[in-house]
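Notes for the one structure printed next.
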Amino acid sequence: PQSVPCTGGHRCCPRGSHCSADGESCVTDLGTGTQLAPRAVPCPDGQSECPDDATCCVTSSGAWGCCPMPQASCCADKVHCCPHATVCDLTRGRCVSPTGDTDVPLSTAFPAWKRWPPAPVALRQVLCPDGRSACPDGATCCQLSPTHYGCCPLQNAVCCSDGQHCCPQGTTCDLIHSTCTSLGGSAPLAALPTVRDVKCDEETSCPNGNTCCRLSSGAWGCCPLEQAVCCPDHVHCCPQGYTCDPEGGSCLQGGGTRLPWVRKTPALPRGGQVTSRNVQCDEKTSCPDGSTCCRLSLGTWGCCP
């Protein structure tokens, strides 16, 4: 009910749009002389989206999925989800509310679809409040000490006061028993891995999970991939195991597989705050230095790296 199948049955388009004549793209349906954009919820990667009445949740594969209910709670197992204002009780396979008046089975998320046309790519990392540490997309920044942050591998997680553990959304930290407690069950606390910057030289570094690559200016840049291949144009980079194809503007693997190449971002000064060099989108929103503010489909700001 959420999509329109195209001829041939191999592709489909979001509701509110139809397939183009060549079957390669989705065309927004026209209303009374105006274009009506299909209503959808964009996911944080900027490339996936869910139906208007669904919620984006990270799945166990790391891709985005859709929970078939608005403002849902994404469960820690990255498979299930629960209605708004309820918490996941994975032990019993139920969704329970703090007041005890709701007790329903867990729901399963379904794969998100790719946006058409592709939106500006939102940063695939969560920038921590210090402005220089970053965590993977779908994780939560938790402060370990006054100067260091760690990454909790859960979305919208609860950071425990000991600075070493975290718990799923909707639960509380029970440090005495080393568990995350919710109505009807408890689970072991999750340990927080430290955010470790990738050191380029004595003065500059890149966020964890990046690779240092020289820019055309000779300064260090950050490729948002681990153990990446730095392209000779000093602007782009490719995943490990790929080579840069300067003519095709892509990354090429031995078997002929092609991927779009990735643009590097400037490296950050080691130990320094970068908040002052943030790119201001409006009075309330900013993007990290070296990125560009781009509007997303809902009118909110996204950051193109």
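The values are calculated or read from the model by the stated rules, or taken from the named source; none is laboratory data. Predicted model, so just to flag it, every value in this text is computed and none were measured. Positions of Cβ are backbone-derived with ideal geometry, glycine not excepted, and every protein chain shown enters the neighbour counts. Just the protein is used for accessible areas: all its heavy atoms, side chains included, with ligands, DNA and RNA removed. Shrake-Rupley method; radii C 1.70, N 1.55, O 1.52, S 1.80 Å.
A cut-off of 5 Å between modelled amide H atoms, ignoring neighbours fewer than 5 places along the same chain, links C66 with C57, F110, A112. Residues in the stretch 132-140 carry Karplus couplings, in order, of 10, 8, 9, 10, x, 4, x, 9, 10 Hz; the curve used is 6.51 cos²θ - 1.76 cosθ + 1.60 with θ = phi - 60°, and Gly or Pro positions show x. As a length-normalised measure over Cα pairs under 8 Å and 6 or more apart, the relative contact order of the stretch 41-114 settles at 26 percent. Taking a ≥ b ≥ c as the square roots of the Cα gyration tensor eigenvalues, with a/c under 1.5 meaning rounded and otherwise prolate when a/b beats b/c, else oblate, which class fits the stretch 41-114? Here the stretch 41-114 falls in the prolate category. Here K114 is the anchor, and the aspartates and glutamates within straight C-alpha reach of less than 19 Å, apart from those fewer than 8 places off in the same chain, are D22, E24, D29, D45, E49, D52, D53, D137.
A crude spin-label estimate for the pair H18 and A219, with each label 7 Å from Cα along the Cβ direction, gives 5.1 nm. Peptides 94-102, 42-50, 137-145, 249-257 ordered by packing proxy, namely the average of other Cβ atoms within 10 Å per residue, highest first: 42-50, 137-145, 94-102, 249-257.
Accessible surface for V198 stands near 40 Å², nearest 10, in the context of the full protein assembly shown (1.4 Å probe).
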